[in-house]
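Notes follow once the structure below has been shown.
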Amino acid sequence: MPRFQWFLKFIPAVSLLVLMGGCSQRVSPTSTESFDSPSAVAQVPVAQGAIDPFAEGIKYATSAANLAQTARSPAQWDEVSKQWLQAIYWMQSVPPTNPRRAFAQKKVAEYMRYLIYTQQQATVSSRLNYPTFNSDILDEQLGLYLSYIEAMGRPDILIVGSSRAVQGVDPRILRQGLAARGLSGLRVFNFGIHGATAQVVRFQLQQLLGPEHLPRMILWADGVRAFNSGRVDRTYTEIVQSPGYQRLASGVRPQLSSGTPLEEAIASSSPGEYQFQPLSVSPFSDSREVKDLSLQYLTGSGDRNSSTIATTVRRLSALGLAIDAYGFHPVATRFNPSRYYQQRSRVAGRYDGDYANFQLGGVQGSALQSVAAFARSRQIPLVIVNLPLTDDYLDATRSAREVEFRQYMRRISAQAFLWRDLSTVRGLNRNEYFEDPSHLNELGAAAVARSLAADPNIPWPRRR
């Protein structure tokens, strides 16, 4: 079933919860005229005292359109989204026998587009009110992680690593696999960061997160590239040079704030510093108009204001929007070498910058040993997982480095951490499990999670 149809299937239930929970009120349109007013279309008799779902849908759609004209903060855009949900629910409730049914179904699809737009307007990367770490994905994952803790509590299992971890271990499948073994109720979060090395993971666990944010177990999923001290560690260098790092060095850790970044910026600004322009969007305009609408609905009186807004309100990147509530990035693409290399050049291992000046130990080795000692001092089990790679990726140069890496990790893991090598597990290297030669897709992430959950030698935490 296409994802859009699947989502539509569950919209009525979600909206019904909104109705029952009292999360949204019926707001009368501020305008005396409603778009597509019921009076403008053929009327269908409705029993006295009964609710006309079509009329209700139009009412909520009109309310959403009017609220959108003055929406400024993410909280106000949330209210617009609630109105669209109500409009969708009522249009979906028009009975199949009703002559308006076909028209109402078209309206459901139309309202869905506007719901998606308003949800994007309401979405900010975090409510940290904290300087950037020069990494969008780190900023976004940190905000999500702190929000997750507020909602669910500290995770039992925290997944860390690079992009290979972000899309390589599915927290939900891991949780389900553990529940099937009798370890139910465990909380799992994926705090992977694109470009993360051992130095970045050390920074996350030992500097960025406070004791109250640490998990009961650390699952570090990655590969040899994250431990090569010979390569240039651009991600860590960017973090160290960031305004966020400087704030952290002063002793102030990130924390969620009660207001939105936009509201806080306005509250701290001088009178008249910001000027809001109403967003002119009709919920019944052409879809191309909605697609092309500028997301910069807030304008300042000068360049200084625009800069302040850009650094205060960080909208989620495309990747941030794709990441789910557990920090995982599901990717549907399946790796097909014949098609893949029609669009990209094949890079041999001896020319791959990730393997340049190959050196195990060094600064990354020191970072690994530091993380292991840190986890041991806090009695947090540390499991390091070598994720699988495709045969297509493992040419002679990379294969030799993989062998060297496995030997190195087995040697130092004896007293420091538990080492699990999935690169040699039969079947996990199938092309259909990958997005590209070295990154797993959602099928592979599920297979890896199931394999880990079934491992009897991993000291999984038990439910509190």
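Structure above, values below:
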{"item": "Global form of segment 68-190, assessed from the alpha-carbon gyration tensor, a/c cut-off 1.5", "result": "oblate"}
{"item": "Rounded to the nearest 10 Å², the accessible area of ARG406 at probe 1.4 Å", "result": "50"}
{"item": "For segment 323-464: rounded, prolate or oblate by the Cα gyration tensor [a/c cutoff 1.5]", "result": "oblate"}
{"item": "Simple label model, 7 Å out from Cα along Cβ direction - GLN369 to GLN176, nm", "result": "4.2"}
{"item": "Overall form of segment 392-464 per C-alpha gyration tensor (a/c, 1.5; a/b vs b/c)", "result": "oblate"}
{"item": "Computed FRET value (nearest 0.05) for LEU319 with ILE51, which takes r as the C-beta separation and R₀ as 51 Å", "result": "0.75"}
{"item": "FRET efficiency, ILE380 to VAL240 (Cβ-Cβ, R0 41 Å, nearest 0.05)", "result": "0.95"}
{"item": "List ARG401, ARG430, ordered by accessible area with a 1.4 Å probe, largest first", "result": "ARG430, ARG401"}
{"item": "GLN359-GLU150 pseudo-label distance in nm [points 7 Å out on the Cα-to-Cβ vector]", "result": "4.3"}
{"item": "Cα centroid of segment 427-464 to Cα centroid of segment 349-402, whole Å", "result": "18"}
{"item": "Sites ASP395 and THR333 - FRET efficiency at Förster radius 22 Å, r taken between beta-carbons, to 0.05", "result": "0.50"}
{"item": "Average accessible surface area per residue within segment 387-445, 1.4 Å rolling probe, Å²", "result": "46"}
{"item": "P(r), alpha carbons of segment 161-211 - 10 Å bins starting at zero, rounded %", "result": "25, 38, 31, 6"}
{"item": "Linear extension gain, ASP421 paired with ASP352, 0.36 nm per residue minus alpha-carbon span", "result": "22.6 nm"}
{"item": "Label zone at GLN255, where the point sits 7 Å out along the Cα-to-Cβ direction: segment 200-230 residues whose backbone N lies under 16 Å", "result": "208-214"}
{"item": "Listed residues GLU212, GLU79, GLU402 arranged by accessible area, highest first, probe 1.4 Å", "result": "GLU212, GLU79, GLU402"}
{"item": "Difference of contour (0.36 nm per residue) and Cα-Cα distance, ARG101 to ARG410", "result": "104.8 nm"}
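The values are calculated or read from the model by the stated rules, or taken from the named source; none is laboratory data. All values reported here derive from a predicted model rather than from experimental measurement. Positions of Cβ are backbone-derived with ideal geometry, glycine not excepted, and every protein chain shown enters the neighbour counts. All accessible areas refer to the heavy atoms of the entire protein, side chains included, with ligands and DNA or RNA removed. Shrake-Rupley method; radii C 1.70, N 1.55, O 1.52, S 1.80 Å.
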